[in-house]
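Reviewing the structure listed below.
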Amino acid sequence: MTPVLDETHDSKVQSWVESANVADADFPVQNLPFGVFRRRDAGAKVRVGVAIGDRILDVDGLLGHCYLTDERLRSAANACAPDSLGPLMALGAGARHALRRRLHTTLRQDAPASVRQAASSHLVAQADVEMLLPAIIGDYTDFYASIFHATNVGKLFRPDNPLLPNYKYIPIGYHGRASSLVPTGTQVRRPSGQTRDGEADPKFGPTKALDYEMELGFFVSQGNTLGEAVPIGDAEEHIFGICLVNDWSARDIQAWEYQPLGPFLGKSFATSLSPWVVTMEALAPFRTGAFTRAEGDPGPLPYLFSQSDREQGGLDLWLEVSLLSVRMREAGIGPVVLGRSNFRDMYWTMAQMLTHHASNGCNLRAGDLLASGTVSGADKTAHGCLLELTSRGKDPVTLPTGEQRKFLEDGDEVILCGFCERDGFRRIGLGSCRGTVLPASTT
């Protein structure tokens with residue numbers, strides 16, 4: 001599907017919610033990401049909302065009692081009544097488009113006074129709510145779509161043969177653990193597991209190599225029937241929007257267990273998500289060509305190729321990961337950026353990942369989460385995990401306090417953020433995804 005620009009992308013339009021008009025705001029009126037929240041008041045209901053500046057508009061509260069003549073808009077409004085984005089995701093692109101346009105009209109600065117007055121009564125400060133997971137996520141799949149990450153990690157274990165023969169032909173992925181997906185701000189307890197040091201006997205205990213992985217996630221909108229594939233030309237019709245993902249990893253546990261079947265307990269203990277899902281429509285101005293493969297690389301097999309995906313399947317989106325230690329926090333020092341990379345450098349596009357996932361007839365469902373794998377670039381400043389950044393612990397990172405990190409320590413807070421920027425358009429942000437490491441359980 002070719003991205004379409006319309007009045008909702010007009011950079012000159014401002015909102016009557018003043019905080020949305022700040023130059024570097026994540027959530028201007030051109031964004032309007034969806035999320036699920038609950039006011040901190042006792043007994044408050046879980047609601048579906050959109051972010052606008054530092055506020056949230058309660059979508060069901062606003063539209064739930066309106067008389068809506070547009071059938072698609074009426075369906076979308078009804079889908080925002082439950083406590084999950086799943087029903088809205090399941091409706092597909094048409095209803096989402098209608099709802100986005102209505103919300104944009106409601107929140108823009110030139111909205112009629114009566115509309116502004118009605119909507120203002122359904123605004124709540126983001127600081128006054130608890131953000132929850134965007135959807136009831138039945139299945140979670142994690143890919144390995146960055147050739148820079150795959151090569152860097154491969155060199156650490158197989159210096160002479162970093163990429164396995166299948167990498168340039170097939171989007172590599174594995175089925176993750178949906179039950180341990182957690183919203184931003186959830187503390188992550190250091191996991192224990194079985195490890196082996198050299199030729200010594202295996203032992204069980206807390207991981208000594210806890211790591212983050214800076215990733216981009218995308219949610220399935222309409223699914224496919226069991227046994228039926230999703231053609232590459234239709235793949236983006238099945239994507240609702242994107243979020244930030246931190247796929248926490250215990251590298252020592254992973255190294256001992258992953259052969260021959262891949263990740264298991266080294267990753268299933270926690271995966272953090274940002275709360276706001278930025279729709280594919282909001283991202284339209286920032287679409288770009290798919291990653292340019294090196295001369296001599298094989299082209300995608302026919303089921304993974306379309307001209308529109310080659311021309312517009314990429315996404316010019318910056319991702320950053322920062323760390324804040326206990327000593328930094330006590331000294332009043334802000335988080336330090338450890339890596340900054342761009343999603344346009346991914347070897348496989350979102351459409352290719354989704355198409356390959358369904359190519360054997362696997363039935364994807366509305367609200368399923370697919371993640372890109374660690375997003376890394378060509379140089380060290382663009383590495384998306386400590387495994388790469390420290391060369392498996394051999395080259396520690398030095399923090400502003402003089403502390404060094406091979407891997408994460410207890411009390412460390414990891415912060416992911418993401419944003420799109422392009423001349424002539426408003427900056428579109430993803431918000432943040434945060435998590436602090438707790439000591440291992442003593443029981």
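The values are calculated or read from the model by the stated rules, or taken from the named source; none is laboratory data. Note that the structure is a prediction, hence the values are computed from the model and not measured. As a convention, Cβ positions derive from the backbone with ideal geometry for all residues, glycine included, and neighbour counts pool all protein chains shown. When the accessible area is computed, the model is the full protein with side chains, heavy atoms only, and any ligands, DNA or RNA have been set aside. Shrake-Rupley method; radii C 1.70, N 1.55, O 1.52, S 1.80 Å.
Taken across region 420-432, residues that are under 21 Å from residue 271 (Cβ atoms) and over 20 Å from the mean Cα position of the chain (by Cα) do not occur at all.
Residue 227: touching a residue at least 60 places away in the same chain (Cβ under 8 Å), open to solvent by 10 Å² or more (accessible area, probe 1.4 Å), out of contact with any Phe, Trp or Tyr (no Cβ under 7 Å at 6 or more places or on another chain) and part of a loop (DSSP other than H, G, I, E, B), yes or no? The answer is yes for residue 227. Regarding residue 388, is this residue part of a loop (DSSP other than H, G, I, E, B) and in contact (Cβ under 8 Å) with a residue 40 or more places away in the chain? No: the conditions fail for residue 388. Residue 42 falls short on exactly one of the conditions (1) under 25 Å from residue 218 (Cβ atoms); (2) loosely packed, with under 13 Cβ neighbours inside 10 Å, and that condition is (1).
Filter region 336-352 down to residues that are crowded, with 20+ Cβ neighbours inside 10 Å and under 17 Å from residue 413 (Cα atoms) and give me whichever is nearest to the chain's Cα centre (by Cα). Out of the qualifying residues, it is 339. Restricting region 142-195 to residues that are farther than 23 Å from residue 270 by Cβ and of a type in the set (Lys, Arg), the residue that is surrounded by the most Cβ atoms within 10 Å (Cβ to Cβ) is 168. Against the numbered list (1) within 16 Å of the chain's Cα centre (by Cα); (2) free of Cβ contacts under 8 Å to residues at least 40 places away in the same chain, residue 319 comes up short only at (2). If you go through region 398-423 and keep only what is part of a strand (DSSP E or B) and touching a residue at least 60 places away in the same chain (Cβ under 8 Å), you end up with 405, 413, 414, 415, 416, 417, 418, 419, 420. As a summary of the residue check, residue 26 satisfies the conditions (1) modelled with pLDDT of 95 or more; (2) outside any loop (DSSP other than H, G, I, E, B); (3) buried (at least 18 other Cβ atoms within 10 Å of the Cβ) except for the one numbered (2).
Among the residues of this structure, residue 426 counts as one that is farther than 15 Å from residue 329 by Cβ, of a type in the set (D, E, K, R) and open to solvent by less than 60 Å² (accessible area, probe 1.4 Å).
Is at least one residue of region 103-121 open to solvent by 50 Å² or more (accessible area, probe 1.4 Å), at pLDDT 95 or above, farther than 30 Å from residue 294 by Cβ and within 24 Å of the chain's Cα centre (by Cα)? No, the conditions are met nowhere in region 103-121. Exactly one of these conditions fails for residue 133: (1) buried (at least 16 other Cβ atoms within 10 Å of the Cβ); (2) touching a helix residue (DSSP H, G or I) at 6+ places or on another chain (Cβ under 7 Å); (3) of a type outside the set (Asp, Glu). Give me its number. (2) is the only condition that residue 133 fails. On the given criteria, is residue 20 over 23 Å from residue 272 (Cβ atoms), modelled with pLDDT of 95 or more, aliphatic (A, V, I, L, M) and in contact with a strand residue (DSSP E or B) (Cβ under 9 Å, 6 or more places away or on another chain)? In short, yes.
Say we look at region 426-443 and pick out the residues that are hydroxyl-bearing (Ser, Thr, Tyr) and part of a loop (DSSP other than H, G, I, E, B); which of these is modelled with the lowest pLDDT? Walk me through it before giving the result.
Residues of region 426-443 that are hydroxyl-bearing (Ser, Thr, Tyr), as a first pass: 432, 436, 441-443.
Remaining after also requiring part of a loop (DSSP other than H, G, I, E, B): 441-443.
Working: 441: 93, 442: 84, 443: 72.
The extreme case among them is 443.
Candidates are the residues of region 88-102 that are without any contact (Cβ under 8 Å) to a residue 40 or more places away in the chain and crowded, with 19+ Cβ neighbours inside 10 Å; the one that is farthest from residue 234 (Cα to Cα) is 102.
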